[in-house]
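Peer 1: Once you've had a glance at the structure underneath, I'll fire off some questions.
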Amino acid sequence: MESTRRGLIATAFALPASWAAFTRNLQAATALDDAYWRMVQRQFPLEDNLLYLNAANVCPASRPVMDRHLEYLRDFHANPSFQNRDKYTALRENLRQKAARLLRVTADEIAVTRNTSEGSNIIVKGIDLKAGDEILITDHNHPSNNDSWKVRAKRDGLVVKSLPVPIPAPSAGELLGSIERAVTPRTRVIAITHVTSTTGILYPAREVAELARRKNIWMHLDGAQSFGCLDVDLAAIPCDSYSTSAHKWLMGPLEAGLLFVRAGRIAELWPSIVTAGWADDLKGARKFEVFGQRDDPRVVALEASLDFVSLIGMANVEARARALASRAKAGLKAIGNVELKTNLQPELSAGVVKFKLRNMATKAAYDKLWERHRLAIASTLSGDSEGLRFSPHIYNSFEQVDAAVAAVKELAG
Ligand SMILES: Cc1ncc(COP(=O)(O)O)c(C=O)c1O
């Protein structure tokens, strides 16, 4: 393991035993082989007979992350004095630094939010816009980056243009082209999803952001399905804002998230929530995270989840998550009655795998997979992205992915 990964964990407390053991074992590993990934898998408290392939919805937190969360939760409630809680300010700054390092941005550009939805809504509500301004979104954006724009449009007379999403995606060039063709002189915002939760398309975020920058259009990127799965580099993707959640691919606490706002854009963004502790001169994106009393121990858990992926190395996490998804796609594609909705090409896909059974109603298949195999996945019951969704992550093995594919094959006949 590289020495840079060793020095990452700075804590106010001694590390819980689970961290010490995990760190020691990882550092002793000489290769990212099956034994290594089994060791990672053992850090998660998932039930033995549960086939959990639903990272795109909620990931389990690892034991080391939960242990640090619980430790600070106990500390907080044992002594809720201002004096004891003082340390959380410094801990939040640690977390900000670590998040910024992972995303290759500066700490001042990071706000600690409660989830992707909140981060995206801070953008939707906060940009100065006037009647007639156009917002470009896609039909496959999550409601927090789709319906939220429509609500704002209704209130302020904006025009929302929503692009259909081809299934499967034809090419990165064509995805970019469809956005480029829809831009008009009145377009003020392009708000897209890095990896869609619907069919798992990886959008050419860098190219779209470069287009937006050339035309001085605000580009917001929903990163709910990319952070913690892909090695996201916001130095290479010149978007203006990026929102994400900790409880998905990052395997962190619930109701914790990050919002990145590019330094040059911070002054243009109105804060939606202003309360005690807020000040106009709060440095950088910090002015977007003042929501009244926060759940301080959760901040420590979020920091721990950044430590966890950093110990493995984000590039290694991405490679493993992609390998698991590719295995699932290859297995599903070989089944006659399966229509794979997610692209196979790595430049057009990431960790989300969507497919539909041609011989069985989606709801019936979803129920049978749970009843017969305790296969926990997600489903979409109507529309162009109808189907079942697999989203394996580093706590899954290839054997589990194969078992999930075999369970689908049993239904497909
Ligand atoms: C693409 C995308 N954006 C936003 C969200 C919302 O995430 P959260 O509920 O953590 O705010 C989701 C949730 O699945 C999602 O898939």
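The values are calculated or read from the model by the stated rules, or taken from the named source; none is laboratory data. Note that the coordinates shown come from a computational prediction; the quantities given were computed from them, not determined experimentally. With ideal geometry, Cβ positions are generated from the backbone for all residues, glycine too; neighbour counts draw on all protein chains shown.
Peer 1: For region 47-85, what are the residues that are at pLDDT below 95 and either loosely packed, with under 14 Cβ neighbours inside 10 Å or farther than 21 Å from Pro16 by Cα (or both)?
Peer 2: Once the filter is applied, which keeps residues that are at pLDDT below 95 and either loosely packed, with under 14 Cβ neighbours inside 10 Å or farther than 21 Å from Pro16 by Cα (or both), region 47-85 yields Asp48, Asn49.
Peer 1: Here is a further query. Mind listing just one residue for me: the one in region 72-117 that is small (Gly, Ala, Ser) and part of a helix (DSSP H, G or I) and, of those, farthest from the ligand (Cβ to nearest atom)?
Peer 2: Ala78
Peer 1: Here's a follow-up. Taking Ala235, is it modelled with pLDDT of 95 or more and under 18 Å from Cys59 (Cα atoms)? Reasoning before the result, please.
Peer 2: Details: modelled with pLDDT of 95 or more: yes; under 18 Å from Cys59 (Cα atoms): no.
No.
Peer 1: Go through region 218-238 and count every residue that is over 20 Å from Asp139 (Cβ atoms) and assigned to a loop (DSSP other than H, G, I, E, B).
Peer 2: 10
Peer 1: Please find, among Val165, Val159, the residue that is at negative phi, more than 16 Å from the ligand (Cβ to nearest atom) and of a type in the set (Val, Ile, Thr).
Peer 2: When all the criteria are applied, what remains is Val159.
Peer 1: Quick one: would you say Ala256 is under 19 Å from Ala350 (Cβ atoms) and modelled with pLDDT of 95 or more?
Peer 2: On the way: under 19 Å from Ala350 (Cβ atoms): no; modelled with pLDDT of 95 or more: yes.
No; evaluated as a whole, the condition is false for this residue.
Peer 1: Just to be sure before I move on: is Ile335 modelled with pLDDT of 95 or more, under 29 Å from Gly223 (Cβ atoms) and among the β-branched types (Val, Ile, Thr) in the structure I sent? Break it down into steps so the answer makes sense when it comes.
Peer 2: Working: modelled with pLDDT of 95 or more: yes; under 29 Å from Gly223 (Cβ atoms): no; among the β-branched types (Val, Ile, Thr): yes.
Criteria not met by Ile335.
Peer 1: Name the residue that is farthest from Ser272 (Cα to Cα), counting only residues in region 134-151 that are surrounded by fewer than 18 Cβ atoms within 10 Å (Cβ to Cβ) and more than 9 Å from the ligand (Cβ to nearest atom).
Peer 2: As a first pass, look at region 134-151 and keep what is surrounded by fewer than 18 Cβ atoms within 10 Å (Cβ to Cβ): 139, 143, 147, 150-151.
Those still in the list that are more than 9 Å from the ligand (Cβ to nearest atom) too: 139, 147, 150-151.
Numbers: Asp139: 25, Asp147: 17, Lys150: 17, Val151: 15 Å.
Within region 134-151, the match that is farthest from Ser272 (Cα to Cα) is Asp139.
Peer 1: When both residues are 6+ apart or on different chains and their Cβ atoms are under 8 Å apart, which pairs have a first residue that lies in region 187-204 and is within 16 Å of Val352 (Cβ to Cβ) and away from the ligand (no atom under 11 Å from the Cβ), and a second that is among the basic types (Lys, Arg) and assigned to a strand (DSSP E or B)?
Peer 2: Thr199/Lys354
Peer 1: Could you check region 209-262 and list, in sequence order, the residues that are touching a Gly at 6+ places or on another chain (Cβ under 6 Å) and small (Gly, Ala, Ser)?
Peer 2: Within region 209-262, the first condition is being touching a Gly at 6+ places or on another chain (Cβ under 6 Å), and the residues that meet it are 229, 242-246, 249-250, 257, 259.
Once the filter is applied, which keeps residues that are touching a Gly at 6+ places or on another chain (Cβ under 6 Å) and small (Gly, Ala, Ser), region 209-262 yields Ser243, Ser245, Ala246, Gly257.
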